[in-house]
Amino acid sequence: DTAVSQTPKYLVTQMGNDKSIKCEQNLGHDTMYWYKQDSKKFLKIMFSYNNKELIINETVPNRFSPKSPDKAHLNLHINSLELGDSAVYFCASSRLETQYFGPGTRLLVL
Amino acid sequence: SQQGEEDPQALSIQEGENATMNCSYKTSINNLQWYRQNSGRGLVHLILIRSNEREKHSGRLRVTLDTSKKSSSLLITASRAADTASYFCATDVLNNNDMRFGAGTRLTVKP
């Protein structure tokens, strides 16, 4: 069984659209994260949620909003998509120091 | 800002050789971790070394940490073609509840 899963795997959309990426973990972890990996492979943390509370919010545009319906899910909503949003988005979860990553969602904004 | 910076950016070796990758960071840390990313996949945790440890082994992996120099190294011995991947260091920053990743070292092991 997949520990951290994301859907969709690929997302191609037009500029200005609103889209969501879903993430689920079945590890019973308390903390979940969203990362953005750009074309140069830099991995930048966007958000983390611990027990449904946002504890990190890097300088991410407010067009991005994480939503956690329960401890096992952390979805990422993106409004008014821009070309620069094209990247691979990774969800991750952790209980202690080690993070477990999902397979990534490849977003392409045209 | 990037906390960990790996070097080299890319490394190409022959199967059987050893591969050494380095990571430098800027602030005090609780621990440092190395992750591996195969092309098109998510990151997979390899090894964690705490700030009070100097060396750690796991199978063919050897990690060192020098907190005075704010640097770490990952050594993969007797490399295999299947070790081809990108390797990232990640620092758990002291008094800050997040983890910072570098841009990674792209390792290619030729059969």
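Rolling a 1.4 Å probe over the protein heavy atoms leaves B:ARG100 with an accessible area of roughly 50 Å². Straight-line cross-link reach from A:LYS9 at under 14 Å between alpha-carbon atoms covers these aspartates and glutamates, not counting any fewer than eight positions away in the same chain: A:GLU24. Peptide A:92-99 has a mean of 5 when you count, residue by residue, the C-beta atoms of other protein chains within 10 Å of its C-beta. The residues neighbouring A:MET32, those whose beta-carbon lies less than 14 Å from its own, together hold a net charge of 0 under the Lys/Arg +1, Asp/Glu -1 convention.
Distance from the Cα centroid of the range A:60-79 to that of the range A:1-24 is 11 Å (rounded to whole angstrom).
Could you work out the percent of alpha carbon pairs in the range A:4-109 separated by over 17 Å, rounded to a whole number? Considering the range A:4-109, 47 percent of its Cα-Cα pairs are separated by more than 17 Å. Within the shell of other residues whose beta carbon sits under 10 angstrom from the beta carbon of B:GLY40, the net charge comes to +3, with Lys and Arg scored +1 and Asp and Glu -1. Longer than 26 Å from Cα to Cα, which of B:LYS69/B:LYS110; A:LYS36/A:LYS67; A:LYS19/A:LYS41; A:LYS41/B:LYS26; A:LYS36/B:LYS26; A:LYS40/A:LYS71 are they? Say none if no pair is. Pairs exceeding 26 Å: B:LYS69/B:LYS110; A:LYS40/A:LYS71.
Of the listed residues A:ASP18, B:ASP92, the order by accessible area with a 1.4 Å probe, largest first, is A:ASP18, B:ASP92. Label-to-label distance for A:ILE55 and A:HIS77 is 2.4 nm, based on points extended 7 Å past Cα in the beta-carbon direction. Size descriptors for the protein assembly as shown, from the alpha-carbon set: Rg then Dmax equal 17.5, 50 Å. Excluding B:ASN31 itself, calculate the net charge of residues whose Cβ lies under 9 Å from the Cβ of B:ASN31, where each Lys or Arg counts +1 and each Asp or Glu counts -1. Summing Lys/Arg as +1 and Asp/Glu as -1 gives -2.
In the assembled protein chains, A:LYS9 presents an accessible area of approximately 110 Å² (probe radius 1.4 Å). Once all protein chains are placed together, B:VAL44 keeps about 80 Å² accessible to a 1.4 angstrom probe. By definition, a body whose alpha carbon gyration tensor gives a ≥ b ≥ c is oblate when a/c is 1.5 or more and a/b is not larger than b/c, and the range B:38-111 fits this oblate description.
The values are calculated or read from the model by the stated rules, or taken from the named source; none is laboratory data. This one's a predicted model, so the numbers in the text were calculated from it and none came from an experiment. Neighbour counts run over all protein chains shown; Cβ positions are idealised from the backbone, glycine included. What goes into the accessible areas is simple: the full protein's heavy atoms, side chains included, and nothing from ligands, DNA or RNA. Shrake-Rupley method; radii C 1.70, N 1.55, O 1.52, S 1.80 Å.
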